[in-house]
Protein chains: 2
Amino acid sequence: MNTTTQEPTIVNGVNVTQLLTTIELIKGQPAIAQFKFRATNQWQGGTHNRATVKDFYGALQEDDSRAAMLFDIDEPPVLLGNNRGANPVEYLLVGLSGCLTTALIAHAAARGIALRAVESRFEGDLDVQGFLGLREDVPVAYQEIRVKFKIDADISDEAKEELIAMAQKYSPVFNTVTRPVPVKVGLDRS
Amino acid sequence: MNTTTQEPTIVNGVNVTQLLTTIELIKGQPAIAQFKFRATNQWQGGTHNRATVKDFYGALQEDDSRAAMLFDIDEPPVLLGNNRGANPVEYLLVGLSGCLTTALIAHAAARGIALRAVESRFEGDLDVQGFLGLREDVPVAYQEIRVKFKIDADISDEAKEELIAMAQKYSPVFNTVTRPVPVKVGLDRS
């Protein structure tokens, strides 16, 4: 008797077979697609604080299987810190970079487009007069963020630009930054 | 001859004397307040990529003095990854947590309010049907982010809520998430 197991299709390191199976599962039961991501933060002193990422909810269950991931956050001396970690607005760029990259890779894989290398650089303008409360007319947020992608693949520049457009369309962090997202902040009185 | 050096005022680990000096310098020369923060990203394969944070521009000069800080970004297996790092939307929460905490601490220090401990938790709702391109009516972004702060200090709950309001007002990541910020993404043809 010949028992064969279908080999999964892997493109760009993404298991496209599993991706398509996941999509079919979600079409049948959309609640599988509801995720809740989390972080906690403990102030360490001055501008130094530490975030922890561990559990999340998704695919209808709590997932507490990952080891805790710790992130030190601090400012450079010119912003009153001691360089104990990247600063908060730099972490935002880290998240944006990961999200655009993953969206680009995954959607290229789903279309069967093989990529050899993807690199990108991110730069955001921040006027700290907003943070310091010195001027009401200066945004407290990033004023603009610029991104450049370098893609090594046997496709035209137009096809690369299409991938970059897809990355923006399907990246949750990109769309959280470019659109207004409600953040409800309250006091824990417990 | 008696040479005395003024001791700096430190509140919550923040050098308030340096903070006030910085504010005076910026009032005299607002260009000091213009910062550019940066990250780069290298795709590693599949949903795994790695960001690097190092140099920035601020206080009228390039600063390349920090050691490079590397951040591995990946998805959990249920989202086709291998747990090689926190995922992009979790990094966004890390940045938000650091920014609200720093804004709260710094503005409390500037007002002379001493704090013993500050902890916070963050949770964001994401429907991955948006990321997967399954439904056009589902946001690709976080739908909502909830934050709770626990503050240990000899002040009333009302004063704690005032600090939380200040944190939101002066946090660049909070205002980047809650307001639309332009992100310009292009192909590097070099």
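The values are calculated or read from the model by the stated rules, or taken from the named source; none is laboratory data. Not measured: the values here are computed from a predicted model. Every residue, glycine among them, receives a Cβ derived from its backbone with ideal geometry; neighbour counts consider all protein chains shown. In case anyone asks, the SASA skips ligands and DNA or RNA and just uses the protein heavy atoms, side chains included. Shrake-Rupley method; radii C 1.70, N 1.55, O 1.52, S 1.80 Å.
Under 5 Å between amide hydrogens, built in the peptide plane, is the criterion, and for A:Gln44 it picks out A:Asn49, A:Arg50 among residues at least 5 positions away or on other chains. For B:Lys150 and B:Gln18, the difference between the fully extended length at 0.36 nm per residue and the C-alpha to C-alpha distance is 44.8 nm. Relative contact order of region A:1-75, taken over Cα pairs closer than 8 Å and 6 or more residues apart, is 21 percent. Mean residue ellipticity at 222 nm from the helices of the protein assembly as shown, using -39,500 (n - 2.57) per DSSP H segment of n ≥ 4 over the full residue count, to the nearest 500 deg cm²/dmol? Helices in the protein assembly as shown give a 222 nm mean residue ellipticity of -9500 deg cm²/dmol. Ranked from largest to smallest solvent-accessible area, with a 1.4 Å probe on the protein heavy atoms, A:Lys148, A:Lys27 come out as A:Lys27, A:Lys148.
When you restrict to C-alpha pairs under 8 Å that are six or more residues apart and normalise by the size of chain A, the relative contact order lands at 15 percent.
Put a dot 7 Å past the Cα of B:Gln29, heading toward its Cβ, do the same for B:Ala68, and the two dots end up 3.2 nm apart. Between the C-alpha center of region B:152-190 and that of region B:40-77 there is a gap of 21 Å.
Remark: region B:134-190 carries a charge dipole of roughly 400 debye about the Cα centre, counting +1 on each Lys and Arg Cβ and -1 on each Asp and Glu Cβ. Applying 1/(1 + (r/R0)^6) with R0 = 22 Å to the Cβ-Cβ distance of B:Ala159 and A:Asn82, what FRET efficiency is obtained, to the nearest 0.05? That gives a FRET efficiency of 0.20. Share of carbon and sulfur in the accessible area of chain A stands at 50%, probe radius 1.4 Å.
Taking a point 7 Å from the Cα of B:Leu187 along the Cα-to-Cβ direction, the residues of region A:167-181 with backbone N closer than 17 Å to it are A:167-169. Threshold 50 Å², probe 1.4 Å: give the residues of region B:80-94, in number order, that are less accessible with all protein chains present than with their chain alone. Checking the loss per residue gives B:Leu80, B:Pro88, B:Glu90, B:Tyr91, B:Leu92, B:Val94. The solvent-accessible area of B:Arg84, taken with every protein chain present and a 1.4 Å probe, is close to 130 Å². With charges only on Cβ, +1 for K and R and -1 for D and E, what is the dipole size of the protein assembly as shown about its Cα centre, in debye, rounded to 20? Magnitude of the dipole: close to 20 debye. Taking 25 Å as R0, compute the FRET efficiency from the Cβ-Cβ separation of B:Arg111 and A:Tyr57 and round it to 0.05. Given R0 = 25 Å and the Cβ-Cβ separation, E is 0.10.
Computed with a 1.4 Å probe over protein heavy atoms only, the accessible area of B:Thr176 comes to about 0 Å². Projecting the Cα atoms of B:Val89, B:Pro76, B:Leu19 onto the charge dipole of region B:1-111, computed from C-beta unit charges around the Cα centre, puts B:Leu19 farthest toward the positive end. By the gyration tensor of its Cα atoms, with a ≥ b ≥ c the square roots of the eigenvalues, what is the shape of region A:27-154: rounded for a/c under 1.5, prolate for a/b over b/c, or oblate? Oblate, since a/c reaches 1.5 and b/c is not below a/b. Per the accessible-area calculation with a 1.4 Å probe, the total area buried between chain B and chain A rounds to 11100 Å². Name the aspartates and glutamates eligible as straight-distance cross-link partners of A:Lys169: C-alpha to C-alpha under 14 Å, and not fewer than 8 places from it in the same chain. Qualifying aspartates and glutamates at Cα under 14 Å: A:Glu161, B:Glu136, B:Asp137.
3J(HN,Hα) along region B:7-13: 6, x, 7, 10, 10, 6, x Hz, from the Karplus curve 6.51 cos²θ - 1.76 cosθ + 1.60 with θ = phi - 60°, whole Hz, x for Gly and Pro.
Protein heavy-atom accessible surface, 1.4 Å probe, per residue over the protein assembly as shown: 44 Å². Taking the charge dipole of region A:93-182 about its Cα centre, with +1 at Lys and Arg Cβ atoms and -1 at Asp and Glu Cβ atoms, the residue from A:Ile164, A:Ala110, A:Leu126 reaching farthest to the positive side is A:Ala110.
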